[in-house]
Amino acid sequence: MIKLPSEKKHISRKSFSIYLYTKDRPANEVVAPPTTFYVCRPLPSHIKPGLTLTEQDVQSVRGLIANRDELIQMYQNLLIEKEGKLREFALPS
């Protein structure tokens, strides 16, 4: 965090935001929101065929697998959510 010099402590920043919404949006203006794709960490380089795993190796691999599984679940949930929104847009009630 950046701190102001003591002689500038009386200065403050103000911000104002406004969001405008419409009931319907023309189809040619609808775009997919930006998406960040995360990449899982690879296995440590010392994990190779023939290696006898230490307890630390096992915990490391388990952690990497758990992280991968959580990432897959996040992307599945995101896909389900986006498909639902697309259906609502394409098939209004």
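Return the residue satisfying two criteria in turn: it lies in the stretch 66-84 and is surrounded by 11 or more Cβ atoms within 10 Å (Cβ to Cβ) and closer than 30 Å to Lys23 by Cα, and of such residues it is modelled with the lowest pLDDT.
So, considering only residues that are surrounded by 11 or more Cβ atoms within 10 Å (Cβ to Cβ) and closer than 30 Å to Lys23 by Cα, the one modelled with the lowest pLDDT is Lys82.
When you go through (1) exposed (fewer than 10 other Cβ atoms within 10 Å of the Cβ); (2) under 27 Å from the mean Cα position of the chain (by Cα); (3) at pLDDT 75 or above one by one for Ile2, which number turns out not to apply?
Condition (3) is where Ile2 drops out.
For the stretch 27-70, give me each residue that is within 30 Å of Leu91 (Cα to Cα) and part of a helix (DSSP H, G or I).
Ala27, Asn28, Glu29
In the stretch 39-65, which residue that is closer than 25 Å to Tyr75 by Cβ and surrounded by fewer than 10 Cβ atoms within 10 Å (Cβ to Cβ) is nearest to the chain's Cα centre (by Cα)?
Among them, the one singled out is Val39.
Anything in the stretch 43-83 that is more than 30 Å from Val30 (Cβ to Cβ) and either of a type in the set (S, T, N, Q) or in contact (Cβ under 8 Å) with a residue 40 or more places away in the chain (or both)? List them, or say none.
Those that are more than 30 Å from Val30 (Cβ to Cβ) and either of a type in the set (S, T, N, Q) or in contact (Cβ under 8 Å) with a residue 40 or more places away in the chain (or both): Ser45, Thr52, Thr54, Gln56, Gln59, Ser60, Asn67.
The values are calculated or read from the model by the stated rules, or taken from the named source; none is laboratory data. Remember, predicted model here, so these are calculated numbers, not experimental data. Glycine also receives a Cβ, built like all others from the backbone with ideal geometry; neighbour counts cover every protein chain displayed.
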